[in-house]
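Derivation of every value follows stated rules applied to the coordinates shown; laboratory data play no part. Computed from a prediction, not measured in an experiment: that's the story for all the values here. Quick reminder, even Gly has a Cβ in these numbers, built from the backbone with ideal geometry, and neighbours come from all protein chains shown.
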Amino acid sequence: MTSRRAISTVLAALLACGTTPARATDSHDYARDEYAVIRDGLAPDKHLSQASHGDGEGGNENFHVWLMAEPAHRRIARLADIGPVLDTGPNAYYAFWSADSRHVVITFRSDRHMVELNLYHIENRRAHLMLGRSLFKEVTSREVGADDHQRESIPEFEWKDTRRFVLKERRRFVTSGPGFERMLGAFGRVTDKLDDGRLMIEFSAEADCLLMPGDRYRIVDLRTGKFGN
């Protein structure tokens with residue numbers, strides 16, 4: 001699954017898990033040796049997969065996502081940096097494999113309206129977390145802080161080939177001053193003014209990115225993204 005439409009649908013489904021009280025979280029009671037393949041978790045070469053497992057009620061204890069050997073479905077290694085997590089059900093985690101099965105993106109929710117996106121390099125049957133700047137940091141020279149009052153974060157990802165991809169970020173913030181909007185420049189837009197005078201500001205950016213040696217990626221071309229209605 002690599003099309004922009006499919007990925008957008010997936011991320012919308014992730015957020016939809018938290019739109020009603022009955023589906024605030026997606027939990028799963030795992031059997032002792034149950035490692036459930038996440039959505040689209042089987043690699044294109046059919047030799048690897050991504051699967052989730054947790055202990056205790058609702059899978060809330062020792063929850064992890066694992067790299068698995070297929071078709072034996074044997075556990076190989078735990079994926080780093082999956083957490084904090086809101087959901088434990090395997091259907092709340094999505095994998096986006098590169099065509100050569102050497103890289104994979106995992107998306108998951110850390111809060112009801114916060115979707116996280118991790119990129120991994122698969123080498124020697126291990127998953128190495130790849131590092132690179134967020135688009136927000138590329139624009140502002142800093143990461144999002146607690147004082148920014150972020151309300152929503154929706155990343156999008158699209159493979160262009162086995163080394164190039166498009167990364168998108170849409171974020172929503174609540175701020176009491178105009179300085180935050182000025183900092184974002186063309187990448188920010190006021191979407192609403194609240195009764196208490198605070199502003200709802202949307203950030204939107206997209207970039208062409210390139211995989212680099214040393215488990216890193218580089219932003220090649222940054223541009224303003226599309227804003228919501």
Kirkwood-Stokes translational diffusion coefficient of segment 158-229, alpha-carbon pairs, 4 °C, 1.567 mPa s, µm²/s
94 µm²/s
For residue 137, go through the aspartates and glutamates and keep the ones whose alpha-carbon is under 18 Å away, minus same-chain ones fewer than eight residues off.
116, 147, 148, 152, 156, 169, 181, 202, 206, 208, 221
Expected unfolding gain across residue 123-residue 192 under the 0.36 nm per residue rule, minus the alpha-carbon gap, is 20.2 nm
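Between residue 182 and residue 162, how high is the FRET efficiency from 1/(1 + (r/R0)^6) when r is the Cβ-Cβ distance and R₀ = 41 Å? Nearest 0.05.
My answer for the efficiency is 0.55.
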Count the DSSP beta bridges whose two residues both fall in the chain, then state the antiparallel fraction as a percent rounded to the nearest 5.
95 percent
For the chain, take the longest principal axis of its alpha carbons; what is the angle in degrees between that and the long axis of helix 4-16, to the nearest 10 within 0 to 90?
90 degrees
When the chain is modelled as a GNM with alpha-carbon springs shorter than 10 Å, which of 27, 141, 101 fluctuates the most?
141
Could you work out [θ]222 nm for the chain from helices alone, using -39500 (n - 2.57) per DSSP H run of at least four and dividing by all its residues? Round to the nearest 500 deg cm²/dmol.
-3000 deg cm²/dmol
Most positive-pole-ward Cα, 115, 166, 145, against dipole of segment 94-229 from beta carbon charges:
166
